[in-house]
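What follows is a set of notes on a single structure, which appears directly below.
The values are calculated or read from the model by the stated rules, or taken from the named source; none is laboratory data. Small disclaimer: the values here were computed from a predicted structure and weren't measured. Here the Cβ is made from the backbone with ideal geometry for all residues, glycine too, and neighbour counts use every protein chain on show. Note: areas computed on protein heavy atoms with side chains; ligands, DNA, RNA excluded. Shrake-Rupley method; radii C 1.70, N 1.55, O 1.52, S 1.80 Å.
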Amino acid sequence: MTVWLPVLLLVGLLLNGLRLRARIGPLRVLPPASRVPAPALLLAAEGVSVDPATRAAAEAYAAAEGLDVLDLVPRGLSVIRALDLARMSDAGKYRATRLAPGRGAAHALLASADVSARAGLAAGPPLAVPALAAVARKLKRYAPTTTDLVVAPDLAGRPNDPDERRTLIQAVFGRGIGTTLVLVPPAVVYAGLVASVVLRPWWGLAAVAAFSLQPYLVFAGTPLRPRDLHRAVLLRAVLDPLNWARTVASRARIPAPDDHYAEREAQYTEDLREGTARFFEPRRDSCPWCGSAALSVRLRTTDLIQRKPGRFTLDECGDCQHIFQNPRLSLAGLDFYYRDFYDGIGGDTAEMTFRAAAKDYIARARMLENAPAPRRWLDVG
(Lines give C-alpha, C1' and ligand atoms only; values in the text may rest on other atoms or scores of the structure.)
Protein backbone atom coordinates (compact mmCIF):
# COMPACT_ATOMS: atom_id res chain seq x y z
CA MET A 1 0.00 0.00 0.00
CA THR A 2 2.84 2.40 0.82
CA VAL A 3 4.05 2.40 -2.80
CA TRP A 4 0.74 3.81 -3.98
CA LEU A 5 1.09 7.06 -2.03
CA PRO A 6 4.07 8.45 -4.02
CA VAL A 7 2.66 7.04 -7.26
CA LEU A 8 -0.69 8.73 -6.68
CA LEU A 9 1.09 11.95 -5.75
CA LEU A 10 3.24 11.77 -8.87
CA VAL A 11 0.24 11.22 -11.15
CA GLY A 12 -1.81 13.82 -9.30
CA LEU A 13 0.89 16.47 -9.65
CA LEU A 14 1.22 15.82 -13.38
CA LEU A 15 -2.55 15.93 -13.94
CA ASN A 16 -2.93 19.06 -11.85
CA GLY A 17 -0.11 20.71 -13.77
CA LEU A 18 -1.91 19.96 -17.03
CA ARG A 19 -5.15 21.29 -15.53
CA LEU A 20 -3.54 24.57 -14.50
CA ARG A 21 -1.87 24.87 -17.88
CA ALA A 22 -5.23 24.45 -19.60
CA ARG A 23 -6.69 27.23 -17.44
CA ILE A 24 -4.07 29.87 -18.32
CA GLY A 25 -3.26 28.66 -21.85
CA PRO A 26 -6.14 30.61 -23.47
CA LEU A 27 -4.85 33.93 -22.09
CA ARG A 28 -4.27 36.42 -24.88
CA VAL A 29 -1.46 38.96 -25.07
CA LEU A 30 -2.32 42.62 -25.37
CA PRO A 31 -1.47 43.89 -28.88
CA PRO A 32 -0.07 47.42 -29.27
CA ALA A 33 -2.35 50.29 -30.23
CA SER A 34 -1.60 53.75 -31.55
CA ARG A 35 -4.76 55.50 -30.41
CA VAL A 36 -7.33 55.45 -27.62
CA PRO A 37 -10.83 54.91 -29.01
CA ALA A 38 -12.80 55.40 -25.78
CA PRO A 39 -11.72 56.61 -22.36
CA ALA A 40 -12.14 54.15 -19.51
CA LEU A 41 -11.55 54.20 -15.79
CA LEU A 42 -8.15 52.79 -14.85
CA LEU A 43 -7.71 51.32 -11.38
CA ALA A 44 -4.30 50.13 -10.23
CA ALA A 45 -2.82 48.55 -7.13
CA GLU A 46 -0.35 50.39 -4.97
CA GLY A 47 3.13 50.24 -6.48
CA VAL A 48 1.83 49.37 -9.96
CA SER A 49 2.48 51.81 -12.79
CA VAL A 50 0.58 51.49 -16.06
CA ASP A 51 2.45 53.28 -18.84
CA PRO A 52 0.47 55.28 -21.44
CA ALA A 53 1.16 52.78 -24.23
CA THR A 54 -0.18 49.88 -22.15
CA ARG A 55 -3.27 51.88 -21.20
CA ALA A 56 -3.92 52.86 -24.82
CA ALA A 57 -3.49 49.26 -25.96
CA ALA A 58 -5.81 48.01 -23.21
CA GLU A 59 -8.54 50.52 -24.07
CA ALA A 60 -8.27 49.71 -27.76
CA TYR A 61 -8.40 45.98 -27.03
CA ALA A 62 -11.45 46.38 -24.76
CA ALA A 63 -13.26 48.39 -27.44
CA ALA A 64 -12.40 45.89 -30.18
CA GLU A 65 -13.53 42.92 -28.07
CA GLY A 66 -16.68 44.61 -26.73
CA LEU A 67 -15.47 44.43 -23.14
CA ASP A 68 -16.63 46.57 -20.24
CA VAL A 69 -13.99 45.34 -17.78
CA LEU A 70 -10.45 44.24 -18.60
CA ASP A 71 -8.07 42.84 -15.99
CA LEU A 72 -4.41 43.40 -16.87
CA VAL A 73 -2.13 40.48 -16.02
CA PRO A 74 1.63 41.12 -15.87
CA ARG A 75 3.52 38.68 -18.04
CA GLY A 76 6.28 38.43 -15.42
CA LEU A 77 4.23 37.53 -12.36
CA SER A 78 6.09 35.52 -9.74
CA VAL A 79 5.52 31.77 -9.95
CA ILE A 80 3.51 31.80 -6.73
CA ARG A 81 1.17 34.57 -7.91
CA ALA A 82 0.92 33.05 -11.40
CA LEU A 83 -0.06 29.66 -9.95
CA ASP A 84 -2.60 31.42 -7.71
CA LEU A 85 -4.08 33.07 -10.81
CA ALA A 86 -4.32 29.72 -12.60
CA ARG A 87 -6.11 28.22 -9.60
CA MET A 88 -8.51 31.16 -9.31
CA SER A 89 -9.46 31.80 -12.93
CA ASP A 90 -10.12 29.72 -16.01
CA ALA A 91 -9.09 32.08 -18.81
CA GLY A 92 -10.89 30.10 -21.50
CA LYS A 93 -14.26 30.30 -19.73
CA TYR A 94 -13.91 33.53 -17.77
CA ARG A 95 -15.68 35.81 -20.22
CA ALA A 96 -18.49 33.45 -21.23
CA THR A 97 -19.37 32.09 -17.79
CA ARG A 98 -21.90 34.40 -16.15
CA LEU A 99 -21.42 33.01 -12.67
CA ALA A 100 -17.62 32.89 -12.84
CA PRO A 101 -16.27 34.89 -9.89
CA GLY A 102 -14.32 38.05 -10.64
CA ARG A 103 -10.76 36.93 -9.94
CA GLY A 104 -7.83 38.53 -11.69
CA ALA A 105 -4.20 39.38 -11.11
CA ALA A 106 -5.03 42.31 -8.75
CA HIS A 107 -2.56 44.64 -10.46
CA ALA A 108 -4.62 46.90 -12.72
CA LEU A 109 -7.95 46.89 -14.51
CA LEU A 110 -10.01 49.02 -16.87
CA ALA A 111 -13.73 49.63 -16.53
CA SER A 112 -16.01 51.33 -19.04
CA ALA A 113 -17.71 54.58 -18.11
CA ASP A 114 -21.11 52.88 -17.98
CA VAL A 115 -20.08 50.03 -15.68
CA SER A 116 -17.98 52.35 -13.51
CA ALA A 117 -20.97 54.63 -12.98
CA ARG A 118 -23.32 51.74 -12.16
CA ALA A 119 -20.79 50.27 -9.73
CA GLY A 120 -20.23 53.64 -8.07
CA LEU A 121 -16.52 53.79 -8.95
CA ALA A 122 -14.48 56.88 -9.68
CA ALA A 123 -10.85 57.76 -10.37
CA GLY A 124 -8.70 58.00 -7.28
CA PRO A 125 -5.37 57.05 -5.73
CA PRO A 126 -3.95 53.53 -6.14
CA LEU A 127 -5.74 50.83 -4.18
CA ALA A 128 -4.40 48.23 -1.79
CA VAL A 129 -4.19 44.83 -3.48
CA PRO A 130 -7.13 43.28 -1.56
CA ALA A 131 -9.24 46.37 -2.28
CA LEU A 132 -8.54 46.06 -6.00
CA ALA A 133 -9.40 42.35 -5.82
CA ALA A 134 -12.73 43.25 -4.21
CA VAL A 135 -13.41 45.74 -7.00
CA ALA A 136 -12.71 43.02 -9.59
CA ARG A 137 -15.26 40.75 -7.90
CA LYS A 138 -17.82 43.54 -7.91
CA LEU A 139 -17.28 44.51 -11.53
CA LYS A 140 -17.67 40.92 -12.78
CA ARG A 141 -21.18 40.96 -11.32
CA TYR A 142 -21.98 44.18 -13.21
CA ALA A 143 -20.51 42.87 -16.48
CA PRO A 144 -20.73 39.06 -16.24
CA THR A 145 -20.09 38.32 -19.93
CA THR A 146 -18.10 41.42 -20.91
CA THR A 147 -15.24 40.99 -18.44
CA ASP A 148 -11.98 39.32 -19.39
CA LEU A 149 -8.28 38.92 -18.61
CA VAL A 150 -5.40 39.86 -20.87
CA VAL A 151 -1.61 39.65 -20.50
CA ALA A 152 0.09 43.05 -20.53
CA PRO A 153 3.73 42.43 -21.57
CA ASP A 154 5.09 45.72 -20.24
CA LEU A 155 3.25 45.74 -16.92
CA ALA A 156 5.60 44.95 -14.04
CA GLY A 157 4.46 42.37 -11.51
CA ARG A 158 4.49 43.08 -7.80
CA PRO A 159 7.00 41.13 -5.67
CA ASN A 160 5.64 38.19 -3.73
CA ASP A 161 4.72 39.11 -0.16
CA PRO A 162 3.13 36.51 2.20
CA ASP A 163 1.18 39.20 4.05
CA GLU A 164 -0.18 40.58 0.81
CA ARG A 165 -0.95 37.10 -0.45
CA ARG A 166 -2.88 36.33 2.73
CA THR A 167 -5.05 39.43 2.36
CA LEU A 168 -5.53 38.75 -1.35
CA ILE A 169 -6.79 35.23 -0.64
CA GLN A 170 -9.14 36.64 1.99
CA ALA A 171 -10.45 39.27 -0.41
CA VAL A 172 -11.05 36.70 -3.16
CA PHE A 173 -12.35 33.72 -1.19
CA GLY A 174 -13.71 35.37 1.97
CA ARG A 175 -12.21 35.62 5.41
CA GLY A 176 -13.75 32.42 6.79
CA ILE A 177 -13.99 28.91 5.39
CA GLY A 178 -13.05 30.05 1.88
CA THR A 179 -9.53 31.02 2.94
CA THR A 180 -9.18 27.80 4.93
CA LEU A 181 -10.15 25.70 1.91
CA VAL A 182 -7.41 27.42 -0.11
CA LEU A 183 -4.65 27.04 2.47
CA VAL A 184 -5.28 23.44 3.61
CA PRO A 185 -4.65 21.43 0.37
CA PRO A 186 -0.97 22.48 0.02
CA ALA A 187 -0.31 21.19 3.54
CA VAL A 188 -1.76 17.82 2.51
CA VAL A 189 0.56 17.72 -0.50
CA TYR A 190 3.63 18.62 1.58
CA ALA A 191 2.78 15.96 4.16
CA GLY A 192 2.27 13.40 1.40
CA LEU A 193 5.64 14.21 -0.14
CA VAL A 194 7.45 13.84 3.19
CA ALA A 195 5.67 10.55 3.92
CA SER A 196 6.48 9.27 0.42
CA VAL A 197 10.19 9.96 0.80
CA VAL A 198 10.21 8.20 4.19
CA LEU A 199 8.18 5.17 3.09
CA ARG A 200 9.43 4.72 -0.49
CA PRO A 201 12.54 6.88 -0.98
CA TRP A 202 12.98 6.46 -4.73
CA TRP A 203 9.32 6.85 -5.60
CA GLY A 204 9.11 9.66 -3.06
CA LEU A 205 12.01 11.51 -4.68
CA ALA A 206 10.30 11.07 -8.05
CA ALA A 207 7.19 12.71 -6.60
CA VAL A 208 9.29 15.56 -5.18
CA ALA A 209 10.89 16.01 -8.61
CA ALA A 210 7.45 16.18 -10.21
CA PHE A 211 6.41 18.76 -7.63
CA SER A 212 9.51 20.86 -8.32
CA LEU A 213 9.19 20.66 -12.11
CA GLN A 214 5.46 21.34 -12.18
CA PRO A 215 5.83 25.09 -12.94
CA TYR A 216 7.66 24.23 -16.17
CA LEU A 217 4.72 22.04 -17.18
CA VAL A 218 2.26 24.80 -16.32
CA PHE A 219 3.96 27.82 -17.90
CA ALA A 220 6.24 26.64 -20.73
CA GLY A 221 4.90 27.96 -24.03
CA THR A 222 2.06 29.96 -22.44
CA PRO A 223 1.57 33.75 -22.48
CA LEU A 224 2.80 33.94 -18.87
CA ARG A 225 6.55 34.00 -18.30
CA PRO A 226 7.19 34.16 -14.55
CA ARG A 227 10.33 36.16 -13.88
CA ASP A 228 11.54 33.72 -11.20
CA LEU A 229 10.60 30.50 -13.00
CA HIS A 230 14.01 28.78 -12.99
CA ARG A 231 14.80 29.74 -9.40
CA ALA A 232 11.34 28.66 -8.26
CA VAL A 233 11.71 25.26 -9.92
CA LEU A 234 15.19 24.70 -8.50
CA LEU A 235 14.19 25.59 -4.93
CA ARG A 236 10.47 24.81 -4.94
CA ALA A 237 10.67 21.89 -2.55
CA VAL A 238 12.00 24.34 0.06
CA LEU A 239 10.57 27.72 -0.91
CA ASP A 240 6.99 26.64 -1.54
CA PRO A 241 6.37 25.15 1.93
CA LEU A 242 8.22 28.09 3.49
CA ASN A 243 6.07 30.63 1.65
CA TRP A 244 2.94 28.66 2.56
CA ALA A 245 3.95 28.67 6.24
CA ARG A 246 4.58 32.42 6.18
CA THR A 247 1.21 32.98 4.49
CA VAL A 248 -0.61 30.86 7.08
CA ALA A 249 1.24 32.50 9.97
CA SER A 250 0.65 36.01 8.65
CA ARG A 251 -1.40 38.23 10.94
CA ALA A 252 -2.38 40.47 8.03
CA ARG A 253 -6.13 40.81 7.71
CA ILE A 254 -8.27 42.70 5.26
CA PRO A 255 -10.39 45.43 6.85
CA ALA A 256 -13.91 44.43 7.77
CA PRO A 257 -16.26 45.14 4.87
CA ASP A 258 -18.38 48.25 5.09
CA ASP A 259 -21.45 46.40 6.31
CA HIS A 260 -22.15 48.65 9.30
CA TYR A 261 -21.55 45.90 11.84
CA ALA A 262 -22.18 48.13 14.84
CA GLU A 263 -25.55 49.26 13.50
CA ARG A 264 -26.53 45.71 12.55
CA GLU A 265 -25.54 44.39 15.98
CA ALA A 266 -27.71 47.03 17.64
CA GLN A 267 -30.61 46.18 15.32
CA TYR A 268 -30.37 42.45 16.02
CA THR A 269 -30.19 43.12 19.77
CA GLU A 270 -33.34 45.19 19.55
CA ASP A 271 -35.08 42.54 17.41
CA LEU A 272 -34.35 39.85 19.99
CA ARG A 273 -35.28 41.89 23.03
CA GLU A 274 -38.65 40.10 23.28
CA GLY A 275 -37.45 36.71 22.07
CA THR A 276 -38.26 34.93 18.84
CA ALA A 277 -41.98 34.17 19.30
CA ARG A 278 -43.11 37.03 17.06
CA PHE A 279 -41.08 35.61 14.18
CA PHE A 280 -43.49 32.69 13.84
CA GLU A 281 -47.17 32.42 12.96
CA PRO A 282 -49.52 30.22 15.04
CA ARG A 283 -48.94 26.53 14.56
CA ARG A 284 -51.29 24.77 12.12
CA ASP A 285 -53.15 21.61 13.05
CA SER A 286 -53.90 20.63 9.45
CA CYS A 287 -52.05 20.24 6.16
CA PRO A 288 -52.11 23.40 4.00
CA TRP A 289 -52.46 21.25 0.87
CA CYS A 290 -55.11 18.67 1.63
CA GLY A 291 -56.48 19.74 5.03
CA SER A 292 -55.60 16.45 6.71
CA ALA A 293 -54.93 16.48 10.45
CA ALA A 294 -52.57 13.46 10.19
CA LEU A 295 -49.41 15.46 10.86
CA SER A 296 -46.15 14.18 12.30
CA VAL A 297 -42.86 15.88 13.05
CA ARG A 298 -40.29 15.17 10.34
CA LEU A 299 -37.43 17.38 11.59
CA ARG A 300 -36.55 19.87 14.31
CA THR A 301 -33.51 22.04 13.73
CA THR A 302 -31.85 25.39 14.33
CA ASP A 303 -30.45 28.00 11.94
CA LEU A 304 -27.50 26.05 10.53
CA ILE A 305 -26.24 28.79 8.21
CA GLN A 306 -26.26 32.07 10.11
CA ARG A 307 -26.68 30.64 13.62
CA LYS A 308 -29.47 33.06 14.47
CA PRO A 309 -31.56 32.04 17.49
CA GLY A 310 -34.77 30.10 16.99
CA ARG A 311 -35.97 26.54 16.41
CA PHE A 312 -37.70 25.32 13.27
CA THR A 313 -39.99 22.34 12.77
CA LEU A 314 -40.87 20.52 9.56
CA ASP A 315 -44.12 18.53 9.68
CA GLU A 316 -45.15 15.82 7.24
CA CYS A 317 -48.72 15.08 6.21
CA GLY A 318 -49.56 11.41 6.55
CA ASP A 319 -52.10 11.55 3.71
CA CYS A 320 -50.43 13.57 0.91
CA GLN A 321 -46.82 13.43 2.21
CA HIS A 322 -46.45 17.21 1.94
CA ILE A 323 -43.60 18.49 4.14
CA PHE A 324 -43.88 22.05 5.37
CA GLN A 325 -42.53 24.36 8.06
CA ASN A 326 -44.91 24.48 11.00
CA PRO A 327 -45.24 27.07 12.37
CA ARG A 328 -44.13 29.06 9.35
CA LEU A 329 -42.30 32.36 9.56
CA SER A 330 -44.23 35.59 9.99
CA LEU A 331 -43.40 38.67 7.92
CA ALA A 332 -41.21 39.86 10.79
CA GLY A 333 -39.53 36.44 10.84
CA LEU A 334 -38.86 36.53 7.11
CA ASP A 335 -37.24 39.93 7.53
CA PHE A 336 -35.16 38.77 10.49
CA TYR A 337 -33.88 35.45 9.15
CA TYR A 338 -33.29 36.56 5.56
CA ARG A 339 -31.46 39.73 6.57
CA ASP A 340 -27.74 39.43 5.70
CA PHE A 341 -28.38 36.09 4.01
CA TYR A 342 -28.06 36.97 0.31
CA ASP A 343 -26.06 40.15 0.77
CA GLY A 344 -24.37 42.13 3.51
CA ILE A 345 -22.61 39.92 6.04
CA GLY A 346 -23.74 36.70 4.36
CA GLY A 347 -23.07 37.80 0.79
CA ASP A 348 -19.83 35.82 0.33
CA THR A 349 -21.38 32.58 1.56
CA ALA A 350 -24.47 33.01 -0.62
CA GLU A 351 -22.36 33.73 -3.70
CA MET A 352 -20.21 30.65 -3.09
CA THR A 353 -23.34 28.50 -2.64
CA PHE A 354 -25.00 29.72 -5.82
CA ARG A 355 -21.80 29.34 -7.80
CA ALA A 356 -21.38 25.74 -6.62
CA ALA A 357 -24.88 24.95 -7.90
CA ALA A 358 -24.57 26.93 -11.13
CA LYS A 359 -25.23 23.91 -13.36
CA ASP A 360 -28.47 23.19 -11.52
CA TYR A 361 -29.72 26.76 -11.94
CA ILE A 362 -28.83 26.80 -15.63
CA ALA A 363 -30.56 23.44 -16.14
CA ARG A 364 -33.73 24.82 -14.54
CA ALA A 365 -33.67 27.86 -16.79
CA ARG A 366 -33.24 25.66 -19.88
CA MET A 367 -36.44 23.83 -19.03
CA LEU A 368 -38.20 26.87 -20.52
CA GLU A 369 -36.22 27.02 -23.77
CA ASN A 370 -39.07 25.60 -25.84
CA ALA A 371 -41.83 27.33 -23.94
CA PRO A 372 -43.66 30.37 -25.36
CA ALA A 373 -42.11 33.68 -24.41
CA PRO A 374 -43.94 34.89 -21.30
CA ARG A 375 -45.19 38.42 -20.87
CA ARG A 376 -44.63 38.30 -17.11
CA TRP A 377 -42.47 36.24 -14.77
CA LEU A 378 -43.47 35.01 -11.32
CA ASP A 379 -40.55 34.13 -9.03
CA VAL A 380 -41.67 31.48 -6.54
CA GLY A 381 -39.10 31.33 -3.76
Dipole magnitude (debye, nearest 20) for the chain, charges at Cβ of Lys, Arg, Asp, Glu: 980
- line: Classified through the alpha carbon gyration tensor (a ≥ b ≥ c as square roots of its eigenvalues; rounded if a/c is under 1.5, else prolate when a/b is larger than b/c, else oblate), segment 158-313 comes out prolate
- prompt: How big is the Kirkwood radius of segment 301-353, worked out from every pair of different alpha carbons and given in Å to one decimal?
  reply: 12.7
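Quick check on the chain: helices-only [θ] at 222 nm, where DSSP H runs of length 4 and up contribute -39,500 (n - 2.57) each and the sum goes over total residues. Nearest 500, please. The partial results should precede the final answer.
Values: 13 runs with 179 residues, N = 381.
Result for the chain: -15000 deg cm²/dmol, rounded to the nearest 500.
Is segment 149-233 rounded, prolate or oblate when judged by the Cα gyration tensor, a ≥ b ≥ c being the square roots of its eigenvalues, rounded requiring a/c under 1.5 and prolate requiring a/b larger than b/c?
It is oblate, given that a/c is not under 1.5 and a/b is not larger than b/c.
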statement: Charge tally for neighbours of residue 70 with beta carbon under 13 Å away, counting Lys, Arg as +1 and Asp, Glu as -1, is -1
- line: Whole-percent carbon and sulfur contribution to the accessible surface of the chain (1.4 Å, no ligands, DNA or RNA) stands at 60
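For residue 263 and residue 145 in the same chain, what is the full-extension length gain: residue separation times 0.36 nm, less their Cα-Cα distance, in nm?
Details: separation 118, 0.36 × 118 = 42.48 nm, distance 3.56 nm.
Full-extension gain reported as 38.9 nm.
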message: Suppose R0 equals 30 Å. What FRET efficiency, 1/(1 + (r/R0)^6) with r the Cβ-Cβ distance, do residue 246 and residue 213 give to the nearest 0.05?
response: 0.80
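Roughly what % of Cα-Cα distances in the chain sit above 34 Å, to the whole percent?
Working: 31946 of 72390 pairs.
Within the chain, distances greater than 34 Å cover 44 percent of Cα pairs.
Report the extension gain between residue 313 and residue 342 in nm, rounded to one decimal, defined as 0.36 nm multiplied by the number of residues separating them, less their alpha carbon distance.
Working: separation 29, 0.36 × 29 = 10.44 nm, distance 2.26 nm.
Result: 8.2 nm gained on full extension.
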query: If you take the alpha carbon radius of gyration of segment 103-150 and divide it by 2.2 N^0.38 Å, what ratio comes out, to two decimals?
result: 1.05
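Hey, if we sort 313, 302 by accessible area with the 1.4 Å probe, largest down, what's the order? Could the numbers behind the result be given before it?
Values: 313 20, 302 55 Å².
Heavy-atom accessible area, descending, gives 302, 313.
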message: For the full complex of protein chains and a 1.4 angstrom probe, list 97, 353 by accessible area with the highest value first.
response: 353, 97
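For an R0 of 45 angstrom, estimate the FRET efficiency from the Cβ-Cβ distance between residue 163 and residue 28 and round to the nearest 0.05.
On the way: r = 32 Å, r/R0 = 0.70.
Calculated value: 0.90.
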statement: One would report the Cα pair-distance distribution of segment 291-381, bin width 5 Å, in %, as 3, 10, 13, 15, 16, 18, 15, 9, 2
Protection proxy ranking of 4-13, 224-233, 68-77, 129-138 - average other beta-carbon atoms within 10 Å, highest first: 68-77, 129-138, 224-233, 4-13
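If Lys and Arg each add +1 and Asp and Glu each add -1, what is the summed charge of the other residues whose beta carbon sits under 11 Å from the beta carbon of residue 16?
On the way: positive: 19, 21, 23, 87; negative: none.
So the surrounding residues net to +4.
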- prompt: Of 25, 178, 333, which is the most mobile in a GNM of the chain whose springs link Cα atoms less than 10 angstrom apart?
  reply: 333
- prompt: What angle, in degrees between 0 and 90 and rounded to the nearest 10, separates the Cα long axis of helix 4-24 from the longest principal axis of the Cα atoms of the chain?
  reply: 90
query: Which value, in Å², gives the accessible area per residue of the chain when a 1.4 Å probe is used on the protein heavy atoms?
result: 57
statement: Per DSSP, the loop-located trypsin sites (Lys or Arg not before Pro) within segment 294-381 having at most 11 other beta carbons within 10 Å are 307, 375, 376
- request: Taking the chain as the reference, fit the longest principal axis to its C-alpha atoms, fit the long axis of helix 129-142 to the helix C-alpha atoms, and give the angle between the two in degrees, 0 to 90, nearest 10.
  value: 60
